[in-house]
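The values are calculated or read from the model by the stated rules, or taken from the named source; none is laboratory data. These numbers were taken from a predicted model, which means no experiment stands behind them. Heads up, the Cβs are rebuilt from the backbone with ideal geometry, glycines too, and the neighbour counts pull from every protein chain shown. These area figures cover heavy atoms from the full protein model, side chains too; ligands, DNA and RNA do not enter into them. Shrake-Rupley method; radii C 1.70, N 1.55, O 1.52, S 1.80 Å.
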Amino acid sequence: MTASAQPIHVAITRRIKPGCEQEFQSALKEFFARSLSESGVHGAAMLVPPPGSSSSEYGIIRSFANSAERDAFYSSPLYHEWKKRVASLSDGEPKARELHGLEAFFRHDDLSPPPRWKMAIATYLGVVPVIMTLALTLGPLIRSWNFVLNNLVFNACVVALLTWVVMPLITRALQAWLQSGELKTR
(Lines give C-alpha, C1' and ligand atoms only; values in the text may rest on other atoms or scores of the structure.)
Protein backbone atom coordinates (compact mmCIF):
# COMPACT_ATOMS: atom_id res chain seq x y z
CA MET A 1 0.00 0.00 0.00
CA THR A 2 1.46 3.37 -0.97
CA ALA A 3 1.57 6.30 1.38
CA SER A 4 -0.96 9.02 0.65
CA ALA A 5 -0.12 12.72 0.45
CA GLN A 6 -3.09 13.71 2.63
CA PRO A 7 -3.42 12.92 6.33
CA ILE A 8 -5.68 9.96 7.10
CA HIS A 9 -8.34 10.17 9.79
CA VAL A 10 -9.84 6.92 11.07
CA ALA A 11 -12.85 6.64 13.35
CA ILE A 12 -13.27 3.37 15.19
CA THR A 13 -16.42 3.16 17.26
CA ARG A 14 -17.97 0.49 19.46
CA ARG A 15 -21.35 0.04 21.06
CA ILE A 16 -20.86 -0.85 24.70
CA LYS A 17 -22.97 -3.37 26.58
CA PRO A 18 -25.34 -1.89 29.18
CA GLY A 19 -23.67 -1.77 32.59
CA CYS A 20 -20.15 -1.83 31.11
CA GLU A 21 -19.94 1.88 30.27
CA GLN A 22 -17.83 2.97 33.26
CA GLU A 23 -15.32 0.14 32.88
CA PHE A 24 -15.06 0.79 29.14
CA GLN A 25 -14.67 4.54 29.58
CA SER A 26 -11.83 4.02 32.07
CA ALA A 27 -10.13 1.59 29.69
CA LEU A 28 -10.68 3.99 26.77
CA LYS A 29 -9.03 6.89 28.62
CA GLU A 30 -6.04 4.73 29.52
CA PHE A 31 -5.67 3.40 25.96
CA PHE A 32 -6.12 6.88 24.49
CA ALA A 33 -3.28 8.27 26.64
CA ARG A 34 -0.95 5.32 25.94
CA SER A 35 -1.64 5.40 22.20
CA LEU A 36 -0.60 9.03 21.81
CA SER A 37 3.00 8.04 22.45
CA GLU A 38 2.97 5.59 19.53
CA SER A 39 4.98 6.75 16.52
CA GLY A 40 2.79 7.62 13.57
CA VAL A 41 -0.12 8.94 15.60
CA HIS A 42 -0.50 12.62 14.73
CA GLY A 43 -3.57 13.40 16.77
CA ALA A 44 -6.62 11.82 18.30
CA ALA A 45 -10.03 12.73 19.63
CA MET A 46 -11.99 10.60 22.06
CA LEU A 47 -15.66 10.01 21.28
CA VAL A 48 -18.03 9.58 24.21
CA PRO A 49 -21.80 10.01 24.33
CA PRO A 50 -22.90 13.44 25.53
CA PRO A 51 -24.27 13.61 29.09
CA GLY A 52 -27.90 12.52 29.20
CA SER A 53 -27.64 10.71 25.87
CA SER A 54 -28.98 7.20 25.42
CA SER A 55 -26.18 6.40 22.96
CA SER A 56 -23.81 3.58 23.83
CA GLU A 57 -21.28 4.46 21.13
CA TYR A 58 -17.68 5.21 22.16
CA GLY A 59 -14.55 5.48 20.11
CA ILE A 60 -11.54 7.40 18.87
CA ILE A 61 -10.86 9.44 15.76
CA ARG A 62 -7.16 9.12 15.08
CA SER A 63 -4.99 10.96 12.53
CA PHE A 64 -2.02 9.54 10.65
CA ALA A 65 0.34 11.13 8.13
CA ASN A 66 -0.09 8.26 5.68
CA SER A 67 -1.40 4.75 5.16
CA ALA A 68 1.88 3.12 6.26
CA GLU A 69 1.64 4.78 9.68
CA ARG A 70 -2.05 3.85 9.93
CA ASP A 71 -1.36 0.22 9.09
CA ALA A 72 1.57 0.06 11.53
CA PHE A 73 -0.57 1.40 14.38
CA TYR A 74 -3.51 -0.94 13.77
CA SER A 75 -1.20 -3.95 13.62
CA SER A 76 0.77 -2.91 16.73
CA PRO A 77 0.80 -4.99 19.92
CA LEU A 78 -0.75 -2.04 21.80
CA TYR A 79 -3.80 -1.97 19.51
CA HIS A 80 -4.24 -5.77 19.57
CA GLU A 81 -4.01 -5.74 23.38
CA TRP A 82 -6.71 -3.03 23.45
CA LYS A 83 -9.03 -5.01 21.19
CA LYS A 84 -8.74 -8.08 23.42
CA ARG A 85 -9.25 -6.03 26.59
CA VAL A 86 -12.56 -4.50 25.46
CA ALA A 87 -14.04 -7.33 23.40
CA SER A 88 -16.12 -8.58 26.34
CA LEU A 89 -17.42 -5.04 27.02
CA SER A 90 -18.49 -4.41 23.44
CA ASP A 91 -21.81 -5.21 21.84
CA GLY A 92 -20.78 -6.59 18.45
CA GLU A 93 -17.77 -5.73 16.35
CA PRO A 94 -16.22 -2.25 16.23
CA LYS A 95 -16.92 -0.10 13.17
CA ALA A 96 -14.04 1.54 11.36
CA ARG A 97 -14.37 4.38 8.88
CA GLU A 98 -11.85 6.57 7.17
CA LEU A 99 -12.86 10.20 7.29
CA HIS A 100 -11.75 12.62 4.61
CA GLY A 101 -11.20 16.35 5.09
CA LEU A 102 -13.99 18.05 7.00
CA GLU A 103 -15.82 14.75 7.57
CA ALA A 104 -13.82 14.31 10.78
CA PHE A 105 -15.79 17.20 12.34
CA PHE A 106 -19.13 16.08 10.97
CA ARG A 107 -19.14 12.37 11.82
CA HIS A 108 -22.30 11.22 13.56
CA ASP A 109 -23.13 7.61 14.48
CA ASP A 110 -23.76 5.47 11.40
CA LEU A 111 -24.89 8.35 9.19
CA SER A 112 -22.91 9.31 6.15
CA PRO A 113 -21.28 12.73 6.28
CA PRO A 114 -23.39 15.67 5.11
CA PRO A 115 -22.89 17.23 1.68
CA ARG A 116 -19.69 19.23 1.40
CA TRP A 117 -21.57 22.49 0.84
CA LYS A 118 -23.26 22.04 4.24
CA MET A 119 -19.92 21.24 5.88
CA ALA A 120 -18.46 24.40 4.30
CA ILE A 121 -21.30 26.59 5.62
CA ALA A 122 -21.04 25.10 9.12
CA THR A 123 -17.25 25.56 9.10
CA TYR A 124 -17.65 29.17 7.95
CA LEU A 125 -20.10 29.77 10.81
CA GLY A 126 -17.39 28.54 13.19
CA VAL A 127 -14.35 30.22 11.65
CA VAL A 128 -15.72 33.76 11.32
CA PRO A 129 -16.61 34.38 14.99
CA VAL A 130 -13.42 32.67 16.21
CA ILE A 131 -11.19 34.83 14.01
CA MET A 132 -13.12 38.02 14.84
CA THR A 133 -13.01 37.31 18.58
CA LEU A 134 -9.30 36.47 18.53
CA ALA A 135 -8.52 39.50 16.35
CA LEU A 136 -10.17 41.73 18.96
CA THR A 137 -8.77 40.00 22.06
CA LEU A 138 -5.51 38.22 21.26
CA GLY A 139 -4.56 40.34 18.24
CA PRO A 140 -3.66 43.51 20.14
CA LEU A 141 -1.61 41.52 22.66
CA ILE A 142 0.60 39.87 20.04
CA ARG A 143 0.56 42.52 17.29
CA SER A 144 4.10 43.69 18.15
CA TRP A 145 5.52 40.17 17.86
CA ASN A 146 7.52 38.95 14.90
CA PHE A 147 5.19 38.28 11.92
CA VAL A 148 5.87 34.53 11.84
CA LEU A 149 5.51 34.03 15.60
CA ASN A 150 2.36 36.19 15.64
CA ASN A 151 0.76 34.06 12.92
CA LEU A 152 1.86 30.77 14.46
CA VAL A 153 0.30 31.64 17.83
CA PHE A 154 -2.85 33.22 16.35
CA ASN A 155 -3.53 30.29 14.02
CA ALA A 156 -2.78 27.71 16.72
CA CYS A 157 -5.45 29.39 18.86
CA VAL A 158 -7.90 29.38 15.94
CA VAL A 159 -7.34 25.66 15.31
CA ALA A 160 -7.55 24.74 19.00
CA LEU A 161 -10.78 26.69 19.53
CA LEU A 162 -12.35 25.24 16.38
CA THR A 163 -11.33 21.67 17.19
CA TRP A 164 -12.22 21.46 20.87
CA VAL A 165 -14.88 24.13 21.38
CA VAL A 166 -16.58 25.70 18.38
CA MET A 167 -16.99 22.90 15.82
CA PRO A 168 -18.39 20.40 18.35
CA LEU A 169 -20.95 23.05 19.38
CA ILE A 170 -21.82 23.97 15.79
CA THR A 171 -22.16 20.40 14.57
CA ARG A 172 -24.36 19.58 17.57
CA ALA A 173 -26.52 22.70 17.05
CA LEU A 174 -26.86 22.10 13.30
CA GLN A 175 -27.06 18.30 13.44
CA ALA A 176 -30.65 18.05 12.13
CA TRP A 177 -29.92 20.41 9.22
CA LEU A 178 -26.56 18.78 8.40
CA GLN A 179 -28.14 15.32 8.17
CA SER A 180 -31.41 16.38 6.51
CA GLY A 181 -32.25 15.86 2.86
CA GLU A 182 -31.79 12.99 0.51
CA LEU A 183 -29.69 14.86 -2.03
CA LYS A 184 -26.02 14.56 -1.13
CA THR A 185 -23.87 16.75 -3.38
CA ARG A 186 -20.19 15.93 -3.32
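Pairs are defined by a Cβ separation below 9 Å, a sequence spacing of at least 6 or placement on different chains, a first member in segment 71-86 that is under 15 Å from T13 (Cα atoms), and a second member that is among the hydrophobic types (A, V, I, L, M, F, W, C) and open to solvent by 60 Å² or more (accessible area, probe 1.4 Å); the pairs so defined are Y74/A96.
Residue count for segment 128-168, restricted to those that are touching a Phe, Trp or Tyr at 6+ places or on another chain (Cβ under 9 Å) and closer than 26 Å to V48 by Cβ: 4.
Of all the criteria given as (1) of a type outside the set (K, R); (2) surrounded by 15 or more Cβ atoms within 10 Å (Cβ to Cβ); (3) over 19 Å from R97 (Cα atoms); (4) free of Cβ contacts under 8 Å to residues at least 40 places away in the same chain, the one not satisfied by A27 is (4). Name the residue, out of R143, R116, that is charged (D, E, K, R), at pLDDT below 90 and open to solvent by 30 Å² or more (accessible area, probe 1.4 Å). Only one candidate qualifies: R116. Return a yes/no flag: does segment 20-40 have any residue that is touching an Asp or Glu at 6+ places or on another chain (Cβ under 8 Å) and of a type in the set (D, E, K, R). Scanning segment 20-40, I find no residue that is touching an Asp or Glu at 6+ places or on another chain (Cβ under 8 Å) and of a type in the set (D, E, K, R), so the answer is no. For segment 119-134, the set of residues classified as at pLDDT 85 or above and of a type in the set (A, V, I, L, M) consists of A120, I121, A122, L125, V127, V128, V130, I131, M132, L134, listed by residue number. Scanning segment 79-95 for residues that are touching a Lys or Arg at 6+ places or on another chain (Cβ under 9 Å) and of a type in the set (D, E), we see that the one that is surrounded by the fewest Cβ atoms within 10 Å (Cβ to Cβ) is E93. The residues of segment 50-78 that are open to solvent by 20 Å² or more (accessible area, probe 1.4 Å) and in a helix (DSSP H, G or I), listed by number, are A68, E69, R70, D71, A72, Y74, P77. Residues in segment 1-31 that are of a type in the set (K, R) and either assigned to a loop (DSSP other than H, G, I, E, B) or modelled with pLDDT under 80 (or both): K17 only. Taken as a whole, segment 32-49 holds at least one residue that is open to solvent by less than 60 Å² (accessible area, probe 1.4 Å) and part of a helix (DSSP H, G or I).
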